[in-house]
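Down below is the structure, laid out as structure tokens.
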Amino acid sequence: MSNSAQFLSTQQLASRYGLKPATIVDWRKQTRKGKQIGPKWYQLSRTAVPYGQPVVRYDLHQVLAWEESENITPIKAF
């Protein structure tokens with residue numbers, strides 16, 4: 001992950017699609033089982049992020065590429 005990249009939290013991604021954050025968490029659980037559901041995500045070490053900041057993040061460029069490949073139009077644009 002580069003320092004110039006922009007990232008979304010689970011809450012921000014859920015808001016973008018008009019979904020509950022629990023749905024986004026379910027997507028990650030399915031991805032762990034070998035099924036790719038949703039955009040690629042990164043989980044950082046709790047020691048690598050300041051207290052209160054999200055540990056799971058989504059690279060904005062990968063989110064946009066995933067939306068395009070799956071023909072998804074978000075409810076909320078940036």
Label assignment, semi-axes √(5λ) of the Cα gyration tensor in Å derived from the structure, set [x] 17, 16, 13; [y] 19, 15, 13; [z] 26, 13, 10:
[y]
Each residue of region 63-78 in turn: what ³J(HN,Hα) in whole Hz from Karplus with 6.51, -1.76, 1.60 and θ = phi - 60°, glycine and Pro shown as x?
4, 4, 5, 5, 4, 5, 5, 9, 6, 9, 10, x, 6, 10, 8, 7
Per the helix-only model, the chain has a calculated mean residue ellipticity at 222 nm (DSSP H runs of ≥4, -39500 (n - 2.57) each, divided over all residues, rounded to the nearest 500) of -11500 deg cm²/dmol
Over the chain, with every protein chain in place, what whole percent of the accessible area is carbon and sulfur at 1.4 Å, could you tell me?
51 percent
Between the modelled labels at Val55 and Ile72 (7 Å from Cα along Cα→Cβ) the distance in nm is 2.3 nm
So, for the chain, what is the accessible surface per residue at a probe of 1.4 Å, expressed in square angstrom?
71 Å²
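Any idea what the relative contact order of the chain is, in percent, if you count C-alpha pairs under 8 Å spaced at least 6 apart? Please report the intermediate quantities before stating the final value.
Details: 81 pairs, mean separation 29.3, N = 78.
Relative contact order here is 38 percent.
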Within straight cross-link reach of Lys76, meaning Cα distance under 23 Å, which lysines are found once same-chain residues fewer than 8 apart are removed?
Lys20, Lys40
Under the 7 Å Cα-to-Cβ spin-label approximation, Gln11 and Gln43 lie apart by a distance in nanometres of 2.0 nm
With a ≥ b ≥ c from the Cα gyration tensor eigenvalues, square-rooted, and the rule rounded for a/c under 1.5, otherwise prolate when a/b > b/c and oblate otherwise, region 1-41 is oblate
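What GluC sites (Glu not before Pro) in region 9-78 are in a loop by DSSP, with at most 16 other Cβ atoms within 10 Å of the Cβ? List each step's numbers first, then the result.
Values: sites: Glu67, Glu68, Glu70; in loops: Glu70.
Here the sparse-neighbourhood loop sites are Glu70.
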Starting from the amide H of Phe7, placed 1.01 Å from N in the peptide plane, find each other amide H under 5 Å away whose residue is 5 or more places distant or on another chain.
Leu60
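Could you size up the charge dipole of the chain around its Cα centre, putting +1 on the beta carbon of Lys and Arg and -1 on that of Asp and Glu, and report it in debye to the nearest 20?
Details: 11 positive and 5 negative charges, 77 e Å.
Taking the Cα centre of the chain as origin, the dipole is about 380 debye.
The values are calculated or read from the model by the stated rules, or taken from the named source; none is laboratory data. The structure displayed is predicted, hence computed values, not measured ones. Cβ: placed from backbone, ideal geometry, glycine included. Neighbour counts: every protein chain shown. All accessible areas refer to the heavy atoms of the entire protein, side chains included, with ligands and DNA or RNA removed. Shrake-Rupley method; radii C 1.70, N 1.55, O 1.52, S 1.80 Å.
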